[in-house]
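Undergrad: Sharing a structure below in structure tokens format, with a few things to ask.
Just so it is clear, none of the values below were taken in a lab; they were calculated from the coordinates. Quick caveat: nothing in here was measured; it's all calculated off a predicted structure. Every residue, glycine among them, receives a Cβ derived from its backbone with ideal geometry; neighbour counts consider all protein chains shown.
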Amino acid sequence: MMRRRKSVLTALAIAAVALSAGISPAQSQEAKQVSPPGPADAAVLRAEAAAGQTAARPSAGSEAALAALQANIGRWVKANGTRHSFASYLDARTGRIVLKTDAPGRVVASLVGAHAGLVDVNAATTTDLYSRRDDIPSYWGGAGITATTGTPWCSSGFTLQDSGGTRFQATAGHCFANGTSVLTELGGRYMGSVSNRGLASGFDMERIGGSSYWGYIYTGGTNSSTGMPVVGAGDSVVGYSNYCHSGRTTGENCGHTSSSNFAQVCTSSGCKYPVTAFSGGNLPQGGDSGSPFYVKDSSSVWIRGMIIAGDGTTSYAEKYSRISSYFGGSIVTG
């Protein structure tokens, strides 16, 4: 359910007492006035599933051509570096391959090869999305996080727990190096230390651990003090048109359509595959990297992934299944 934060001074005092006295995360959440989620509204999940039934079905030839194109791009980036960006996926609305890149025509032609007739090439530069503002424990997803107080950087994702029951938050792997002390954007409160950075293995994700985290994400605007409980998680359904993201730069925005769950995106931080491509609505901007990608009803959210990149017309998210598998973790509910 949505809630309103107490005054900053009250929140700081409660947080300090909770941390020094060893109060449990559940007790410290009283400072945020959270309430248990209401019954899950199955209608939003039915609508999501129905959209998947009506999405265009790509041909076997298109799927094979996409696999070949993405393999070519991966090899090119490995050999030539990250001076150009590439993003490719099968568009569920048209059944055609989309390649968005700022590479010159000769490079594009060499990558597309004999499959040119199946590929729509769009000139675009896809970037990692660097850049809510002053969170308190227990920490939520969708908050502004940084390594330098007052400097916008990235957004927190959502809370998971490992097999031992230890809670942590996920964010985008291009945000911070391993060992970085992550702080709240404005208040400079310690949120945790970074580990398990996955960029070297093609996973744009990392773990923030060492503090208290809760199964809620921020909703509302960029300075919002309201949020909603997470009640489940899974991957997006291609064709569904009301996914949301919630980050420190753009706040909460919905109306996103999932175009593919097998997109490849190659930016200055390397290539990632398979990820979710989506478009429509007010898309993420710089600083929204790491923020949650989700579907919601009036009282609850279901996580579908985590924002990592975009070019202004199409954005990309690491899929929940990749995140949970990489970390060996499971979603924490509110």
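Undergrad: What value, in deg cm²/dmol to 500, does the helix sum -39500 (n - 2.57) over DSSP H runs of n ≥ 4 give at 222 nm once divided by the residues of the chain?
TA: Numbers: 6 runs with 68 residues, N = 334.
That comes out to -6000 deg cm²/dmol.
Undergrad: Assign one of three labels to the stretch 131-219, namely rounded, prolate or oblate, based on the Cα gyration tensor with a ≥ b ≥ c the square roots of its eigenvalues; rounded applies when a/c is under 1.5, prolate when it is not and a/b is larger than b/c, and oblate otherwise.
TA: The shape class here is oblate.
Undergrad: Next question. Which net charge results when you count Lys and Arg as +1 and Asp and Glu as -1 among the other residues whose beta-carbon is under 15 Å from that of Asp91?
TA: Residues close to Asp91 contribute a combined charge of +1.
Undergrad: Using only the C-alpha atoms of the stretch 287-326, find the volume of their convex hull and express it per residue in Å³.
TA: Roughly 85 Å³ of hull volume per residue.
Undergrad: Would you mind counting up the charge near Gly251? Only other residues with Cβ under 13 Å from its Cβ, with Lys and Arg at +1 and Asp and Glu at -1.
TA: On the way: positive: Arg132, Arg133, Arg248; negative: Glu252, Asp288.
For residues surrounding Gly251, the net value is +1.
Undergrad: Which of the peptides 236-242, 323-329 is most tightly packed, and how do the rest follow, judged by the mean count of other Cβ atoms within 10 Å per residue?
TA: Peptide ranking by packing, descending: 236-242, 323-329.
Undergrad: Let me ask something else about it. How would the stretch 173-213 be classified by its alpha-carbon gyration tensor: rounded, prolate or oblate, with rounded meaning a/c under 1.5 and the a/b versus b/c comparison settling the rest? Mind showing how you got there, number by number?
TA: Numbers: a/c = 2.72, a/b = 2.02, b/c = 1.35.
It comes out prolate by the Cα gyration axes.
Undergrad: Another question about this same structure. On a full-extension model of 0.36 nm per residue, what is the gain between Ala67 and Arg93, subtracting their alpha-carbon distance, rounded to one decimal in nm? Intermediate values should be presented prior to the final figure.
TA: Values: separation 26, 0.36 × 26 = 9.36 nm, distance 1.89 nm.
Separation in residues times 0.36 nm, less the Cα-Cα distance, equals 7.5 nm.
Undergrad: May I pose another question? For the stretch 181-307, what class follows from the C-alpha gyration tensor (a ≥ b ≥ c being the square roots of its eigenvalues): rounded when a/c is under 1.5, otherwise prolate if a/b is larger than b/c, else oblate?
TA: Note, shape of the stretch 181-307 comes out oblate.
Undergrad: OK, next. So what's the stretch 46-95 giving for Cα Rg divided by 2.2 N^0.38 Å, two decimals?
TA: 1.52
Undergrad: Would you please put 273-286, 60-73 in order of how densely packed they are, using the mean number of other Cβ atoms within 10 angstrom per residue and starting with the highest? Each step should come with its number before you reach the end.
TA: Working: 273-286: 21.6, 60-73: 16.9.
So the peptides 273-286, 60-73, ranked by packing, come out 273-286, 60-73.
Undergrad: Right, here's the next one. May I have the extent of the alpha carbons of the chain along their three principal axes, as whole Å values ordered from largest to smallest?
TA: 66, 42, 34
Undergrad: Moving on to the next point. Would you work out the charge dipole size for the chain about its Cα centre, treating the Cβ of every Lys and Arg as +1 and the Cβ of every Asp and Glu as -1, and quote it to the nearest 20 debye?
TA: Details: 26 positive and 20 negative charges, 30 e Å.
The dipole of the chain has a size of about 140 debye.
Undergrad: Just to be sure I follow: if Rg is taken over the C-alpha atoms of the stretch 228-282 and Rh is the Kirkwood radius over the same atoms, what is Rg/Rh?
TA: Reported Rg/Rh (Cα atoms, Kirkwood Rh): 1.00.
Undergrad: Near Arg322, within a Cβ-to-Cβ distance under 12 Å, what is the net charge of the other residues, with Lys and Arg +1 and Asp and Glu -1? Can you show the working numbers first?
TA: Values: positive: Lys272, Arg304, Lys319; negative: Asp204, Asp235, Glu318.
Net charge in that neighbourhood comes out at 0.
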